[in-house]
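The structure appears right after this line, and notes come after that.
The values are calculated or read from the model by the stated rules, or taken from the named source; none is laboratory data. Remember, it's a predicted structure, so these values are computed and weren't measured experimentally. Ideal geometry is used to build each Cβ from the backbone, glycine not excepted, and the neighbour counts take in all protein chains shown.
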Amino acid sequence: MDEAEIKELTEFKRFGKIPPGLSRQKKFTFLRRAKSFVFEILRNIWAGKVGGRLWSKIGPYKIFTWDLELLKPGEKLESEVINAYLTCMASRYKGNVFVIDTFQMTNLWNGKATKMNKIDLKVYDLLVGSVNEGDHWTLLVIYPQEGKIIYMNSCGESRGEVAHCLKAVRGFMDQNGFEDTTWKCVKLTHSMQPDATSCRVFVCKFAEALLLGGDLNFSCEDANIAQIREELGLCLLTESDSLGNLCLACGDHYPDTPDLVDTWVACDSCQGWYHWDCVNRPNLKAHYICQGCQGPM
Ligand SMILES: [Zn+2]
Ligand SMILES: [Zn+2]
């Protein structure tokens, strides 16, 4: 590795950003290097060796150490991770796609969603989001131009659910100017969830297959589900927006609160920046190593 490449990787480590303007070949090489680096981060997080910090921001969704911890086999993903992953898939989709976050999609499912504020759904080819019912998560994809709905439940879709889905989507879309559309709900064959914790992983994988093309009938062996979990983590860590101007503790810019001192401190190991107030006001003249580098307190 030459000096420029080391610099690029360090930047990536700090901000999760793939250097702009790389040729295809260079980007490929960079990602291969970044991949082993990212897997190391994930393995350390899963081993409980990493303290809390912000790792990735995808659209409005922020992914912290504890979100990545829940990607570990046997754990249940946070909705933030599902929303972030759907946003990643949406950004790669060739067409106009709108991600409805899990909160809003669940409202839609429960008949509580109304007209979207300032958003014209007519311009989209596809709306995608995850529905939460109790401890179970499912995927809903709406194709407004075609009047088509795909509902995917990793435990299988009952007739009652399909009927409910049609009614809920119709109710929501009516309020958004689709009164004249005739809707149909399509059922697809797909892999079934083999355990009690993976429905959220299936939601992500189903969305990926529908948006980017891919097999809905993937292997449900433990080893494959574990690999999918790793790949979700890899995607979230490598496709982050820039974290350059965010505090890695709280994930925000500096708040406009007069009683907070406008001071930042950089970690001497990862070079990430933190609000001084967010990391218990360390001595600014001494070395500072952040929790993400130091391990959990
Ligand atoms: Zn902060
Ligand atoms: Zn650090």
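Rundown of residues vs (1) at pLDDT below 90; (2) farther than 19 Å from LEU9 by Cβ; (3) among the hydroxyl-bearing types (Ser, Thr, Tyr), yes/no style:
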{"position": "PHE37", "(1), (2), (3)": "yes, no, no"}
{"position": "GLU40", "(1), (2), (3)": "yes, no, no"}
{"position": "ALA47", "(1), (2), (3)": "no, yes, no"}
{"position": "ILE58", "(1), (2), (3)": "no, yes, no"}
{"position": "TYR61", "(1), (2), (3)": "no, yes, yes"}
{"position": "THR65", "(1), (2), (3)": "no, yes, yes"}
{"position": "LEU70", "(1), (2), (3)": "no, yes, no"}
{"position": "PRO73", "(1), (2), (3)": "no, yes, no"}
{"position": "LYS76", "(1), (2), (3)": "no, yes, no"}
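Filtering region 211-238 to residues that are closer than 23 Å to TYR274 by Cβ and acidic (Asp, Glu) leaves nothing. The set of residues in region 103-148 being hydrophobic (A, V, I, L, M, F, W, C) and either farther than 18 Å from MET89 by Cβ or outside the structural domain of THR197 (by TED's automatic domain parsing) (or both) consists of PHE103, LEU108, TRP109, ALA113, MET116, ILE119, LEU121, VAL123.
The rows are residues; the columns are (1) acidic (Asp, Glu); (2) closer than 19 Å to THR87 by Cβ.
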position	(1), (2)
LEU108	no, yes
GLY111	no, no
SER130	no, yes
ILE142	no, yes
LEU166	no, no
ASP180	yes, no
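Flag not set for CYS235, criterion: part of a loop (DSSP other than H, G, I, E, B), crowded, with 19+ Cβ neighbours inside 10 Å and either assigned by TED's automatic domain parsing to the domain that holds HIS136 or in contact with a helix residue (DSSP H, G or I) (Cβ under 6 Å, 6 or more places away or on another chain) (or both).
Answer yes or no as to whether VAL265 is of a type in the set (Val, Ile, Thr), away from ligand 2 (no atom under 16 Å from the Cβ) and not in a loop (DSSP other than H, G, I, E, B). Considered against the rule, which asks whether it is of a type in the set (Val, Ile, Thr), away from ligand 2 (no atom under 16 Å from the Cβ) and not in a loop (DSSP other than H, G, I, E, B), VAL265 comes out as no. Could you tell me whether region 259-276 includes any residue that is modelled with pLDDT under 85, of a type in the set (D, E, K, R) and either within 11 Å of ligand 1 (Cβ to nearest atom) or touching a Phe, Trp or Tyr at 6+ places or on another chain (Cβ under 7 Å) (or both)? Taking every residue of region 259-276 in turn, at least one turns out to be modelled with pLDDT under 85, of a type in the set (D, E, K, R) and either within 11 Å of ligand 1 (Cβ to nearest atom) or touching a Phe, Trp or Tyr at 6+ places or on another chain (Cβ under 7 Å) (or both).
Against the list (1) within 16 Å of ligand 2 (Cβ to nearest atom); (2) part of a loop (DSSP other than H, G, I, E, B); (3) in contact (Cβ under 8 Å) with a residue 24 or more places away in the chain, the condition PRO282 fails is (3).
The rows are residues; the columns are (1) within 16 Å of ligand 2 (Cβ to nearest atom); (2) in a strand (DSSP E or B).
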site	(1), (2)
LEU42	no, no
LYS49	yes, no
TRP55	yes, yes
LEU68	yes, no
PRO73	no, no
LYS76	no, no
